[in-house]
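The values are calculated or read from the model by the stated rules, or taken from the named source; none is laboratory data. Predicted model, so just to flag it, every value in this text is computed and none were measured. Every residue, glycine among them, receives a Cβ derived from its backbone with ideal geometry; neighbour counts consider all protein chains shown.
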């Protein structure tokens with residue numbers, strides 16, 4: 001009746017049953033889909049980490065890193081980006097919240113240390129101005145992993161979710177915070193998800209008042225496969241959804257850096 005392919009039909013029936021699609025077995029092994037057992041404690045810990053960190057600027061290490069990637073530090077500040085000093089190891093968080101709160105927020109590693117000690121550039125997911133999730137980025141060259149999420153805690157909202165309150169005509173969905181900020185730097189209304197396998201079905205309803213979405217994931221096989229799946233899910237729900245694939249670059253931030261380098265050469 002609807003002239004759908006078999007995979008589209010399966011996706012539609014899966015959405016009706018309330019089941020969750022997992023992109024791969026590796027996604028399950030990482031434990032990204034676990035839910036914090038004490039959400040209020042987790043929220044207190046995210047607020048404490050937000051208070052203990054400092055805003056990025058053109059003179060800070062994190063702000064300088066963003067500027068090299070074509071992102072204005074002041075724009076990053078408006079989107080909940082903060083950082084920790086190189087000498088800060090997390091011990092002072094005890095002044096803001098107990099260790100039980102940090103553990104509930106997934107900020108304690110398996111070895112008992114502070115998760116973000118080496119991932120000091122922090123991207124806070126704000127919901128109504130309140131930090132509800134965080135991702136860290138390592139500023140050390142060749143540091144691994146490059147990005148880090150809390151353990152045991154599902155991301156409750158897309159990054160920069162507050163932009164949806166204004167019901168813009170078009171919203172871009174990016175893979176990661178850096179790419180979201182890159183799209184914002186280029187003038188687009190954008191939200192981000194912490195990884196291509198992190199989308200949650202309950203987020204679709206938050207786009208009900210958005211006429212069109214543009215999915216802009218990384219220019220690799222996992223990113224493009226996830227983009228097609230997400231586009232299909234939006235279309236099955238009657239939403240106009242398009243895919244924008246970065247051409248000749250790995251991701252949208254690489255594209256922004258090219259624009260910055262081109263403009264600097266012109267001047």
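In table form, for the structure just shown:
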{"read-out": "Flag if residue 231 is surrounded by 15 or more Cβ atoms within 10 Å (Cβ to Cβ), free of Cβ contacts under 8 Å to residues at least 24 places away in the same chain and closer than 30 Å to residue 165 by Cβ", "value": "yes"}
{"read-out": "Yes/no for residue 85 being at pLDDT 90 or above, over 20 Å from the mean Cα position of the chain (by Cα), over 20 Å from residue 180 (Cβ atoms) and in a loop (DSSP other than H, G, I, E, B)", "value": "no"}
{"read-out": "Selection count where residues are under 15 Å from residue 183 (Cα atoms) and part of a loop (DSSP other than H, G, I, E, B), scope the range 64-80", "value": "5"}
{"read-out": "Search result, residues across the range 156-174 that are within 13 Å of residue 242 (Cβ to Cβ) and surrounded by 15 or more Cβ atoms within 10 Å (Cβ to Cβ)", "value": "171, 172, 173"}
{"read-out": "Qualifying positions in the range 132-167 - farther than 16 Å from residue 198 by Cα, in contact with a helix residue (DSSP H, G or I) (Cβ under 9 Å, 6 or more places away or on another chain) and part of a loop (DSSP other than H, G, I, E, B)", "value": "139"}
{"read-out": "Conditions (1) assigned to a helix (DSSP H, G or I); (2) under 17 Å from residue 149 (Cβ atoms); (3) touching a strand residue (DSSP E or B) at 6+ places or on another chain (Cβ under 9 Å); number of the one not met by residue 103", "value": "(3)"}
{"read-out": "In the range 204-223, the residues that are surrounded by fewer than 18 Cβ atoms within 10 Å (Cβ to Cβ) and in contact with a strand residue (DSSP E or B) (Cβ under 8 Å, 6 or more places away or on another chain)", "value": "211, 212"}
{"read-out": "Among (1) surrounded by 20 or more Cβ atoms within 10 Å (Cβ to Cβ); (2) at negative phi; (3) not assigned by TED's automatic domain parsing to the domain that holds residue 78, the one test that residue 136 misses", "value": "(3)"}
{"read-out": "Of the criteria (1) in a loop (DSSP other than H, G, I, E, B); (2) touching a residue at least 24 places away in the same chain (Cβ under 8 Å); (3) under 27 Å from residue 206 (Cα atoms), which one residue 238 fails", "value": "(2)"}
{"read-out": "Checking residue 90 against (1) at pLDDT below 90; (2) over 17 Å from residue 135 (Cβ atoms), the condition it does not meet", "value": "(2)"}
{"read-out": "Verdict on residue 122 being in contact with a strand residue (DSSP E or B) (Cβ under 8 Å, 6 or more places away or on another chain), at pLDDT below 95 and not in a loop (DSSP other than H, G, I, E, B)", "value": "no"}
{"read-out": "Residue 221 being within 22 Å of residue 10 (Cα to Cα) and free of Cβ contacts under 8 Å to residues at least 24 places away in the same chain", "value": "yes"}
